[in-house]
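Okay, structure first, notes after.
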Amino acid sequence: MIKLDIVKTAFAGFGVIGRNPLAVLVWAVFLGLVGLLPAFGLMGGLLVSVGQIVEAAQRGVEPTPEMIMPMIGSALGLIPVLILTGLIVRMVLTGAIFRAVLFPQEKSWFHLRLGARELWLGLLFIVVGIIVFALMMIMMAILVPVTVIAGPHDDPMMKLAMMRLAMLPVYAVLAFLFVRFCLAFPMTFAESKFRLIESWKMTSGNSWRILLVGLILVALMIIAEMIIGLIIVICVVAVIGAGAMSGGWTEERLTAFFNQDPTVWMHALAPWIVVGAIVGSILATLVAVIFTAPWAEAYRQLRGTPEATV
């Protein structure tokens, strides 16, 4: 039986980044253009509607249904766009990461494709999403009765402890299912066929190793969140400090600024939004690579495929 190399698998994403730095940047551009730009473009109508409501409220006028309905329509219009672009980004970006690990010789277009492999991935994402939604409903069905039972207790900490305790078996089941079915995605991609149950057999005998890989990735996520959070806090403190020293961040000025039509202050904040979108796209891509590549590497090892040298 092939034994999974835990360390090599867990840190496979860093290897992909090191071997393909330019491709990772291209993936970030793709994420920004397809995942963020359409949503930003459709937010114009929403901002106009919000601006009309804010302006009416400032004049003391009660918002009418004619003013509210366009805002609701714009918000609802964003939902299918976000779902579609999110699915496209997920299956294409995941496919690129899998291809960089499993088929590194396919370097054209920086491993980006939208072919049969990606479409099978998309179908698997949809099926797994439905299954996860059903599992979440089961979790809620367990959590709600526990909350009702814990209701008579006045101590909120006791309620929280009881809910956490009740959820432990659910978390354990979810972790077990993830360990046994995590290779369905790279398997579906590599074989260009729908694969889900087949992952159960491939992970047999390596469940604990796969679980350790997952725990290492969770630890990496916690560390990354702490580092990114610290950087954000430092930047915010620096901006606030600079504004305070220049006398620009007074309460009156801030209130006057945000009391303007939303399109006005959104236009003023546009450069910051663009910079934030660029940085966010890069960070999101790095996170995707770090947390996606290990499962392709695990599949490669358990399938018995030699490691690529290119």
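The values are calculated or read from the model by the stated rules, or taken from the named source; none is laboratory data. These figures come from a predicted structure and were not determined experimentally. Heads up, the Cβs are rebuilt from the backbone with ideal geometry, glycines too, and the neighbour counts pull from every protein chain shown.
Is it true that ILE234 is at pLDDT 90 or above, exposed (fewer than 11 other Cβ atoms within 10 Å of the Cβ) and either out of contact with any Ser or Thr (no Cβ under 8 Å at 6 or more places or on another chain) or not in a helix (DSSP H, G or I) (or both)? First the steps, then the outcome.
Details: at pLDDT 90 or above: no; exposed (fewer than 11 other Cβ atoms within 10 Å of the Cβ): yes; either out of contact with any Ser or Thr (no Cβ under 8 Å at 6 or more places or on another chain) or not in a helix (DSSP H, G or I) (or both): yes.
No.
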For residues in the stretch 108-126 being without any contact (Cβ under 8 Å) to a residue 24 or more places away in the chain and of a type outside the set (A, V, I, L, M, F, W, C), which is surrounded by the most Cβ atoms within 10 Å (Cβ to Cβ)?
ARG113
State all residues of the stretch 161-187 that are surrounded by 15 or more Cβ atoms within 10 Å (Cβ to Cβ) and either touching a residue at least 60 places away in the same chain (Cβ under 8 Å) or among the β-branched types (Val, Ile, Thr) (or both); if no residue qualifies, say none.
VAL170, VAL179, CYS182, LEU183, ALA184, PHE185, PRO186, MET187
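Quick check on this structure: which one of LEU93, LEU168, LEU143, LEU123 is part of a helix (DSSP H, G or I), within 26 Å of LEU217 (Cα to Cα) and at pLDDT below 90? I'd like the intermediate steps shown before the answer.
Working: LEU93 fails: at pLDDT below 90; LEU143 fails: within 26 Å of LEU217 (Cα to Cα); LEU123 fails: at pLDDT below 90.
Going through LEU93, LEU168, LEU143, LEU123 in turn, just one is part of a helix (DSSP H, G or I), within 26 Å of LEU217 (Cα to Cα) and at pLDDT below 90: LEU168.
Counting only residues that are under 21 Å from the mean Cα position of the chain (by Cα) and farther than 24 Å from VAL7 by Cα, how many does the stretch 189-208 have? Full working, then the answer.
The first filter runs over the stretch 189-208 and keeps only residues under 21 Å from the mean Cα position of the chain (by Cα), leaving 189.
Filter once more, keeping what is farther than 24 Å from VAL7 by Cα: none.
Looking only at that region, the number is 0.
One line per residue, one yes/no per condition, for (1) among the charged types (D, E, K, R); (2) at pLDDT below 90; (3) over 22 Å from the mean Cα position of the chain (by Cα):
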position: ASP5; (1), (2), (3): yes, no, yes
position: ALA10; (1), (2), (3): no, no, no
position: GLY15; (1), (2), (3): no, no, no
position: ALA23; (1), (2), (3): no, no, no
position: TRP27; (1), (2), (3): no, no, no
position: LEU31; (1), (2), (3): no, no, no
position: LEU37; (1), (2), (3): no, yes, no
position: GLY44; (1), (2), (3): no, yes, yes
position: VAL48; (1), (2), (3): no, yes, yes
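Can you work out which of the residues in the stretch 1-27 that are among the charged types (D, E, K, R) and assigned to a helix (DSSP H, G or I) is farthest from THR94 (Cα to Cα)?
Here is the first cut: in the stretch 1-27, the residues among the charged types (D, E, K, R) are 3, 5, 8, 19.
Checking the rest, the ones that are also assigned to a helix (DSSP H, G or I) come to 8, 19.
Values: LYS8: 19, ARG19: 17 Å.
Going through the qualifying residues, I end up with LYS8.
For ALA190, state whether it is in a helix (DSSP H, G or I), in contact with a Leu (Cβ under 6 Å, 6 or more places away or on another chain), among the hydrophobic types (A, V, I, L, M, F, W, C) and touching a residue at least 40 places away in the same chain (Cβ under 8 Å). Write out each step before concluding.
Values: in a helix (DSSP H, G or I): yes; in contact with a Leu (Cβ under 6 Å, 6 or more places away or on another chain): yes; among the hydrophobic types (A, V, I, L, M, F, W, C): yes; touching a residue at least 40 places away in the same chain (Cβ under 8 Å): yes.
Yes; evaluated as a whole, the condition is true for this residue.
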Which one of the conditions (1) closer than 21 Å to LEU25 by Cβ; (2) in a helix (DSSP H, G or I) does VAL81 fail to meet, given that it meets all the rest?
(1)
Can you name every residue in the stretch 193-214 that is more than 19 Å from VAL132 (Cβ to Cβ) and not in a helix (DSSP H, G or I)?
LYS193, SER204, GLY205, ASN206
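Say we look at the stretch 257-305 and pick out the residues that are polar (S, T, N, Q) and outside any helix (DSSP H, G or I); which of these is modelled with the highest pLDDT? Working first, answer last.
Step one: of the stretch 257-305, the residues polar (S, T, N, Q) are 259-260, 263, 281, 285, 292, 301, 305.
The next check asks that each one be outside any helix (DSSP H, G or I); those that pass are 259-260, 305.
Values: ASN259: 62, GLN260: 62, THR305: 71.
This residue is THR305.
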Can you run down the residue pairs with Cβ atoms below 9 Å, 6 or more apart or on separate chains, where the first is in the stretch 127-140 and over 22 Å from LEU165 (Cα atoms) and the partner is in a helix (DSSP H, G or I) and at pLDDT 80 or above?
VAL128/PHE181; VAL128/ALA184; VAL128/PHE185; ILE131/LEU177
